[in-house]
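Below is one structure, written out as structure tokens, with a few remarks after it.
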Amino acid sequence: MDHPRPCGCKGRRTCLSCEKDFEIHRVDYNEIFQKCKAYSFCPYCSRIYPGWDTDEVMADHSHNHNGETGEEYSGIYVELDFLSIEEENRLMKGIDEMHWDISQSGRRKQNFGPKTNFKKTKIKVGNFTGFPKFSEFVQLKFDEVPLMKGFQTIEQCSLEYTPERGASIDPHIDDCWIWGERVVTVNLLSDSVLTLSRFHRSEESTRYNLHLVDKYRDKLIMNLANQEELDQLDERIVRIPMPRRSLLVMYGSPRYQWEHAVLREDIRERRVCLAYREFTPMYLSGGSEYSKSQQVFQIAQNFWDHLEPQSQNVN
């Protein structure tokens with residue numbers, strides 16, 4: 001099952017369709033995570049509290065979390081109501097006027113960015129021509145968020161999750177060779193949750209190209225946790241609420257030392273998110289690989305009308 005199936009899944013990635021048609025036994029991360037000690041992140045105070053249900057933790061904020069002080073959990077920023085209802089409607093109108101491609105694990109996608117080969121660590125411009133004009137205002141709004149200072153978008157991806165397809169994304173860490181520290185998501189149409197679980201790097205030292213982080217560790221926004229700090233968090237699950245129209249920025253330890261997933265059980269209605277990526281410091285001005293990224297930066301300044309015929313990068 002290593003080859004793509006008609007639904008778009010391959011390997012261990014599955015959706016409701018291929019699980020039924022090919023009698024595939026799916027790894028149930030929800031069941032696995034339920035056996036761990038769960039904490040939920042409160043976007044009002046940026047602390048974590050015991051409990052699986054993020055809705056309860058957010059609701060308890062007005063009641064001072066029943067007197068609990070919670071624990072600090074750095075590296076997560078959630079801005080509620082980052083977009084207005086009108087802005088969300090405008091975005092979704094443009095998104096749904098464009099072609100959707102099937103993706104793995106029951107998702108659909110629209111991808112705008114350079115062509116990357118994570119195994120060979122090679123990048124090409126490919127068919128990248130910039131981004132849809134209707135989404136430009138989102139990137140401009142990033143300038144209003146202090147944590148996003150200097151963020152230069154070089155990939156924008158629309159991802160659709162629906163319960164009818166059993167959409168999800170398995171625990172993973174975004175590639176560390178090309179994608180920079182800030183992993184940014186704008187959540188649309190419905191609430192969802194990002195579930196974080198500890199990644200033990202010693203088991204697979206080169207997975208996700210994590211070994212390359214040492215080349216730019218001194219340029220990270222936040223220092224990574226040491227082993228003693230990580231050991232204290234072992235066997236924990238941290239649940240991050242992603243309310244409708246919110247902005248989520250993940251950086252520092254949650255970005256590099258935790259895997260993140262969207263569980264099937266947390267998709268109750270159609271959900272669309274816009275995912276934004278920046279380059280690692282190696283590909284920024286002054287970095288050792290900057291010559292390979294200059295053309296990408298130039299193209300990323302272009303915003304085109306999605307209703308006019310042209311060559312568009314929808315991978």
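Data table
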| quantity | calculated |
| --- | --- |
| Filtered residues of segment 115-164 (kept if assigned to a helix (DSSP H, G or I), open to solvent by 10 Å² or more (accessible area, probe 1.4 Å) and either over 17 Å from TYR77 (Cβ atoms) or not aliphatic (A, V, I, L, M) (or both)) | LYS133, PHE134, GLU136, PHE137, GLN139, LEU140, LYS141, ASP143, GLU144, PRO146, PRO163, GLU164 |
| Considering residues of segment 63-118 that are touching a helix residue (DSSP H, G or I) at 6+ places or on another chain (Cβ under 7 Å) and among the hydroxyl-bearing types (Ser, Thr, Tyr) only, the residue nearest to LEU147 (Cα to Cα) | TYR77 |
| Those residues of segment 18-32 which are under 24 Å from the mean Cα position of the chain (by Cα) and in contact (Cβ under 8 Å) with a residue 60 or more places away in the chain, in sequence order | VAL27, TYR29, ASN30 |
| Residue in segment 90-105 that is over 20 Å from VAL249 (Cα atoms), touching a Pro at 6+ places or on another chain (Cβ under 8 Å) and either free of Cβ contacts under 8 Å to residues at least 12 places away in the same chain or of a type in the set (Phe, Trp, Tyr) (or both) present | no |
| Residue in segment 182-190 that is more than 30 Å from SER288 (Cα to Cα) and either touching a Phe, Trp or Tyr at 6+ places or on another chain (Cβ under 8 Å) or free of Cβ contacts under 8 Å to residues at least 60 places away in the same chain (or both) present | yes |
| Test: residue in segment 223-240 that is within 20 Å of the chain's Cα centre (by Cα), under 30 Å from GLY94 (Cα atoms) and not small (Gly, Ala, Ser) | yes |
| Flag for GLY166 being farther than 18 Å from LEU274 by Cα and modelled with pLDDT of 95 or more | yes |
| Residue that is most open to solvent (accessible area, probe 1.4 Å), among those in segment 84-114 that are hydrophobic (A, V, I, L, M, F, W, C) and not in a strand (DSSP E or B) | ILE85 |
| Some residue of segment 263-276 being in contact with a helix residue (DSSP H, G or I) (Cβ under 9 Å, 6 or more places away or on another chain) and farther than 22 Å from ASP170 by Cβ | no |
| Only listed residue being touching a Leu at 6+ places or on another chain (Cβ under 7 Å), closer than 25 Å to PHE33 by Cα and charged (D, E, K, R), chosen from ARG244, ARG255 | ARG244 |
| Segment 232-290: number of residues that are at pLDDT 95 or above and of a type in the set (Asp, Glu) | 5 |
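Residue by residue, here is whether (1) among the hydrophobic types (A, V, I, L, M, F, W, C); (2) closer than 20 Å to TYR73 by Cα; (3) assigned to a loop (DSSP other than H, G, I, E, B); (4) open to solvent by less than 10 Å² (accessible area, probe 1.4 Å) holds:
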{"position": "GLU181", "(1), (2), (3), (4)": "no, yes, yes, no"}
{"position": "THR185", "(1), (2), (3), (4)": "no, yes, no, no"}
{"position": "THR195", "(1), (2), (3), (4)": "no, yes, no, yes"}
{"position": "TYR208", "(1), (2), (3), (4)": "no, no, no, no"}
{"position": "ASP214", "(1), (2), (3), (4)": "no, no, no, no"}
{"position": "ILE221", "(1), (2), (3), (4)": "yes, yes, yes, no"}
{"position": "ALA225", "(1), (2), (3), (4)": "yes, yes, yes, no"}
{"position": "ILE237", "(1), (2), (3), (4)": "yes, yes, no, yes"}
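The values are calculated or read from the model by the stated rules, or taken from the named source; none is laboratory data. This one's a predicted model, so the numbers in the text were calculated from it and none came from an experiment. Don't worry about glycine lacking a Cβ; one is built from the backbone with ideal geometry, like all the others, and counts go over all protein chains shown. Calculation scope for accessible area: heavy atoms of the full protein, side chains included, ligands and nucleic acids excluded. Shrake-Rupley method; radii C 1.70, N 1.55, O 1.52, S 1.80 Å.
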